[in-house]
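Here's the structure, in structure tokens; my notes come after.
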Amino acid sequence: TGNEVRYRVQEQLMGFDLPNEAIGRTAAVSGTLALDAGGKVVEDQSKFTIQVGGLTSDRDRRDGYVRGRLLETEQYPTVVFVPTAIQGWSGALPASGSRAITVTGNLTIKGVTHPTTWRANASFEKGQVSGTASTGFTFEDFSLAKPRVPVVLSVADSIHLEYDFRMALADSASARQAN
């Protein structure tokens, strides 16, 4: 609970004097980050899945375009991130406090996989880790066509993703996990 993924894209809409930041969000995210005893990512046990069919913003027409034409959610209902490395501490996860961390991995959107780097501030407390992670990329990185519709005068080349996360820590014999 308490997880949310957002996209942010600058756009200029017809009839508006100033650029607007389009923000779409969903709470339909699940996943696991598994770490070995040394704090390294266990790739085959780590994955985050976002159900993108429920992305919503402040405009129904934008939501329909993003789901139907841009992400084609009927055919590609999920966006997947597979972490491959984490930096910001060594060894076991901290029991308390805050840390700036960097998570690298592979993000897959519409069947196209591209490496991404997420920067996060993580807080550790009472068996939980929470914070916000963010990354950025271009439409071209994932072979996404920039929106071209009459009411949109322009769209920035860059897309920013943010992930508000809250994960419970669990010990296992083979890895320490947050899910």
- [ ] Determine which member of the set G39, G91, G31, G2 is under 18 Å from L169 (Cβ atoms), touching a Lys or Arg at 6+ places or on another chain (Cβ under 7 Å) and open to solvent by less than 30 Å² (accessible area, probe 1.4 Å).
- [x] G31
Task: Contacts under 6 angstrom Cβ, first residue in the stretch 90-108 being within 27 Å of Y76 (Cα to Cα), partner open to solvent by 70 Å² or more (accessible area, probe 1.4 Å) and among the polar types (S, T, N, Q), 6 or more apart - done: N106/T113
- [ ] Please work out which residue is surrounded by the most Cβ atoms within 10 Å (Cβ to Cβ), limiting yourself to the stretch 68-81 and to residues that are at pLDDT 95 or above and among the charged types (D, E, K, R).
- [x] E72
Task: Hits in the stretch 128-153 (condition: small (G, A, S), more than 13 Å from F81 (Cα to Cα) and open to solvent by less than 40 Å² (accessible area, probe 1.4 Å)) - done: S130, G131
Task: strands (runs of 3 or more DSSP E) contained in the stretch 82-179 and holding at least 2 residues modelled with pLDDT of 90 or more - done: 97-109, 112-125, 128-138, 158-171
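The values are calculated or read from the model by the stated rules, or taken from the named source; none is laboratory data. What you see is a predicted model; the values in this text were computed from it and never measured. Quick reminder, even Gly has a Cβ in these numbers, built from the backbone with ideal geometry, and neighbours come from all protein chains shown. When the accessible area is computed, the model is the full protein with side chains, heavy atoms only, and any ligands, DNA or RNA have been set aside. Shrake-Rupley method; radii C 1.70, N 1.55, O 1.52, S 1.80 Å.
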